[in-house]
Amino acid sequence: MLLSKIIRTGLVTEPLNSDSTRFIEVVRGTGTEIRRHLGRALAIREVDAGSCNGCEIEISGLTGPVHDSERFGIHFVASPRHADMLLVTGPVTRNMEVPLLKTYEATPAPKLVVAVGDCAKHCGVFKGSYAVVGSVADVIPVDVFVTGCPPEPAEILQGILTAVGRLPQKQ
Amino acid sequence: MKTLFLAMFIAYGLGAFAALVGGRKSFGRWLVALGAVLGAGAGLALGATVIATGIPFTLFFPELLPLGGGLALRLDALGAFFLVVIGVGAIPAALYGAGYTAAYKDGRASLPLLGAMFNLFLLTMSLVTLADNVLTFLLMWEGMSLTSYFLVMTEAGEERTRNAGLWYIGMTHAGLGMLLAAFLLLAGGAGSGAFADLRASAASLTSGARDAVFVLAFLGFGSKAGIVPLHVWLPRAHPAAPSHVSALMSGVMIKMGIYGFLRVALDLMGGGPAWWGGLVLGVGVASALLGVLYALMEHDLKRLLAYHSVENVGIILIGIGTGLMFHRYGLMPLAALGFIGALYHVLNHATFKGLLFLGAGSVLHATHTRNMEEMGGLIKRMPWTALFFLIGAAAISALPPLNGFVSEWLIFQSLLGGVSIPVPEVVVLMPVAVGLLALTSGLAAACFVKAFGITFLALPRSPEAAHAHESPFSMRLGMALLALACVGLGVAPFAVVPVLGTILAGLGGLPDTRAEFTMNVFLQTPSAFGQMSPTLMALGLLLLLGLVPSVLWLLRLNRQRRLSDSWGCGRVGQTARMEYTATAFAEPLKRVFAEIYRPMKELTVDFHPESKYFVQSIEYRSEITPWFDQALYRPFLQSATFVAQQVRRLQAGSLHLYLLYIAIVLILLLIVARWL
């Protein structure tokens, strides 16, 4: 039954767009860059500092069947203690200010911070709200901003790639 | 040897006397401890001399107790071993007690009584191992029980203590009754109470009488040793007694049950049918497993340790049971292996359980609570106690290279030898016992992760724990001695096992099995079934612990150090209320073994009157009542109370009525006498 289901269903994933060559280049580049700088997979801790979850959907798209980030060495982890990079989304709300700082402190050096989305850069539509402290850069040092509301997975991947380039090169 | 015996007797006596005269003063408390230390030291030396020379020590006072055949004392190798165990347990406990009893100066307990009973308890217990006829044995046995009862009742001002004392004295006398019956049956065949006559005549008893003696002795001594389901007094009496007494009762006194059982079953009766071994093995497995399961659910530190005593007595009985089984089938080296494992565990349990009880006593001394949920963070305030407790916890969890590992390994090896008995029941029973013993060891390790982690690590959960203080020097000294013994017995089994072999040689027809073991750095069991070397393991661990950091240091991987809070998911305020609790730690196992525990749960949620989406308070209560308390003891206690109430009607309090009773009984007796 399972076998006949597998045979009958066929491929359900959509093919990539016409500009896929650019994306495949980024993917390959990320893989080799990570290997060159770390010699192993890149461990990312995602921190939602108060986003509308739009960016989260795009980030989880990164781990989905189309992009499948694990295959080129991007690994999401459950604790900042295991992470090389923090992926921060959303404007920093009052409630998340201290936890974000604590997460940053708990991440072992050398650490990278990628702020994902317009809100993370300049608070987006939430700018001026009483519940918002400011952008991510107001709270912790940021290495790379990824703009977009929300940015596409390919753009996030490009941001990660740029950030990895800032790591000291492994001998 | 006679000098040593007299030294032991006099030292204990003087210790008791010093307690009665000046027990309240600090000088008097040190004299009490000194008497006990000297007495125990002399006993230890006496036992060691008997084991080393192989010559039994005898002493006979026909003019004392003329009815029972005189006061006969004879110390052979088996008794000497248990006398050594008493010495090993008592010296540290007495030193510890010198500091610990200072807390009773506030008048909660009578210090003279405590000191005198402590010394008399040690004296009578030592004499149990020396007794050579039935009356001397039972007299010393009862002396040991009564003095320990008074020790349990030290804090008699508390309701719980009085209740515990009642349970203890009830159970110990039920056991004594069974022992009386067993010895009467044995002595009935011999016509005399001397152990030598009993040994000679035991073979001529009918098999039914022998079985009855065996079962009665097993139950009688088992009630002292704490086998399931006769263990109910242990988790009540051990927490109630002062901690150095708990250490002695749990580490040493319950071993007297093992001694008595070995003396009767193996020495006097010379073994018996296979089902004897099977019964002991089965009860041992049940005690080990149930003991550790109930220990896991216990959050009172001393009750937890008391349940672990049940577990360890079970492990000892597994060794004895396999020994009896192999003895029956004539596989003497394997039988000796089982008995050696059991005796080794007796000695080991005396050290590590003594150590753990002393550690728990230090914690109690510092925090004034036994509830683990109110402790935490004590490692920072009591580093020495924490270190010693950790050593004890690792030893009882049977982690190499400490002593618990060696004896459990020996018992495992003897069980694995069960394949060489060509009887289907045995071939099935032994591997099952192996599996359950392995489960027990695993659960014990889990339980001590809980006991150590919740008590000593993380943040303090109560102001008492936050202001705890390290114990005085005398208490730390007592713990340090036992911790050293744990390490020494673990690292050097090649020095201990041959001695145990000599002790067993000749008992119940066991041959001298020393040649069967390879006793150098490697420990090899008979017929090369298994071998291991705790010494090399210890060396390997030391090397690993020393080597890895130094290599890392040389490679400059560990030069940078950063201090920060522990990661708490970014919580803003971390308090002790967010910590892992003992209940939470035990919860998964409570679910797994829910069929055994049958926990009672009660969840009360108080909603806001306007909306059930707002909860005002949640109350959760969970309780476990041991099933044997309900199924076995409650009906018995209820019927006993009922009968007592009926009898009470006779007791109207009127003197005239009592005179009438006397008159009626007298007339009835006269009539009966007339007719007969």
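The values are calculated or read from the model by the stated rules, or taken from the named source; none is laboratory data. The shown structure was predicted, so the numbers you read here are calculated from the model rather than taken from an experiment. Cβ: placed from backbone, ideal geometry, glycine included. Neighbour counts: every protein chain shown.
With respect to residue B:593, determine if the residue is touching a residue at least 60 places away in the same chain (Cβ under 8 Å), away from chain A (no Cβ under 14 Å), of a type in the set (A, V, I, L, M, F, W, C) and surrounded by 12 or more Cβ atoms within 10 Å (Cβ to Cβ). Here the answer is yes, as residue B:593 does meet what is asked. Checked against the criterion of being over 21 Å from residue A:36 (Cβ atoms), among the hydroxyl-bearing types (Ser, Thr, Tyr) and buried (at least 22 other Cβ atoms within 10 Å of the Cβ), the candidates A:135, A:129 yield just one match: A:135.
Scanning the stretch A:100-112 for residues that are buried (at least 18 other Cβ atoms within 10 Å of the Cβ) and out of contact with any helix residue (DSSP H, G or I) (no Cβ under 7 Å at 6 or more places or on another chain) gives A:102, A:104, A:111. For the stretch A:124-137, the criterion of being in a helix (DSSP H, G or I), more than 14 Å from every other protein chain (Cβ to nearest Cβ) and out of contact with any strand residue (DSSP E or B) (no Cβ under 9 Å at 6 or more places or on another chain) is met by at least one residue. Considering only the stretch A:14-28, I want to know if a residue exists there that is at pLDDT below 85 and under 15 Å from the mean Cα position of the chain (by Cα). Scanning the stretch A:14-28 turns up at least one residue that is at pLDDT below 85 and under 15 Å from the mean Cα position of the chain (by Cα). Checking each residue in the stretch A:91-121 for being within 16 Å of residue A:160 (Cβ to Cβ) and of a type in the set (Val, Ile, Thr) picks out A:107, A:113, A:114, A:116. Filtering the stretch B:567-582 to residues that are of a type outside the set (Phe, Trp, Tyr) and more than 9 Å from every other protein chain (Cβ to nearest Cβ) leaves B:573, B:574, B:575, B:576, B:577, B:578, B:579, B:581, B:582.
Of all residues assigned to the stretch A:45-54, none qualifies as being within 14 Å of chain B (Cβ to nearest Cβ), surrounded by 14 or more Cβ atoms within 10 Å (Cβ to Cβ) and part of a helix (DSSP H, G or I). Evaluation of residue B:673 against the conditions (1) hydrophobic (A, V, I, L, M, F, W, C); (2) in a loop (DSSP other than H, G, I, E, B); (3) loosely packed, with under 10 Cβ neighbours inside 10 Å shows that the sole unmet condition is (2). Looking at the stretch A:102-119 only, could you name the residues that are within 25 Å of residue A:58 (Cα to Cα) and in contact with a Ser or Thr (Cβ under 7 Å, 6 or more places away or on another chain)? The answer is A:116, A:117, A:118, A:119. Listed here are the helices (runs of 4 or more DSSP H) enclosed by the stretch B:366-481 that have at least 3 residues being within 24 Å of the chain's Cα centre (by Cα) and crowded, with 18+ Cβ neighbours inside 10 Å: B:383-396, B:403-416, B:424-456.
Against the definition (surrounded by 13 or more Cβ atoms within 10 Å (Cβ to Cβ) and away from chain A (no Cβ under 14 Å)), how does residue B:603 come out, yes or no? Spelling it out, it is not the case that residue B:603 is surrounded by 13 or more Cβ atoms within 10 Å (Cβ to Cβ) and away from chain A (no Cβ under 14 Å).
Per-residue answers, yes or no, for (1) within 18 Å of the chain's Cα centre (by Cα); (2) surrounded by fewer than 22 Cβ atoms within 10 Å (Cβ to Cβ):
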| position | (1), (2) |
| --- | --- |
| B:110 | no, yes |
| B:113 | no, yes |
| B:117 | no, no |
| B:132 | no, no |
| B:149 | yes, yes |
| B:154 | no, no |
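With respect to (1) at pLDDT below 90; (2) over 19 Å from residue B:250 (Cα atoms); (3) crowded, with 22+ Cβ neighbours inside 10 Å, the lone exception for residue B:46 is condition (1). Residues in the stretch B:57-105 that are part of a strand (DSSP E or B) and not basic (Lys, Arg): 9 in all. Name the residues in the stretch B:137-160 that are polar (S, T, N, Q) and modelled with pLDDT under 90, would you? If the condition is that a residue be polar (S, T, N, Q) and modelled with pLDDT under 90, then B:154 is the only one that fits.
Just one of the numbered conditions (1) part of a helix (DSSP H, G or I); (2) touching a residue at least 24 places away in the same chain (Cβ under 8 Å); (3) more than 14 Å from chain B (Cβ to nearest Cβ) is not true of residue A:32: (2). Looking across the stretch B:100-109, the residues that are farther than 15 Å from residue B:246 by Cα and either among the basic types (Lys, Arg) or in contact (Cβ under 8 Å) with a residue 12 or more places away in the chain (or both) come down to B:102, B:103, B:104, B:105, B:108, B:109.
Among the residues making up the stretch A:80-119, those that are assigned to a helix (DSSP H, G or I) and more than 12 Å from chain B (Cβ to nearest Cβ) are A:118, A:119. Filtering the stretch B:50-69 to residues that are on the phi > 0 side of the Ramachandran plot and in contact with a strand residue (DSSP E or B) (Cβ under 6 Å, 6 or more places away or on another chain) leaves B:65, B:69.
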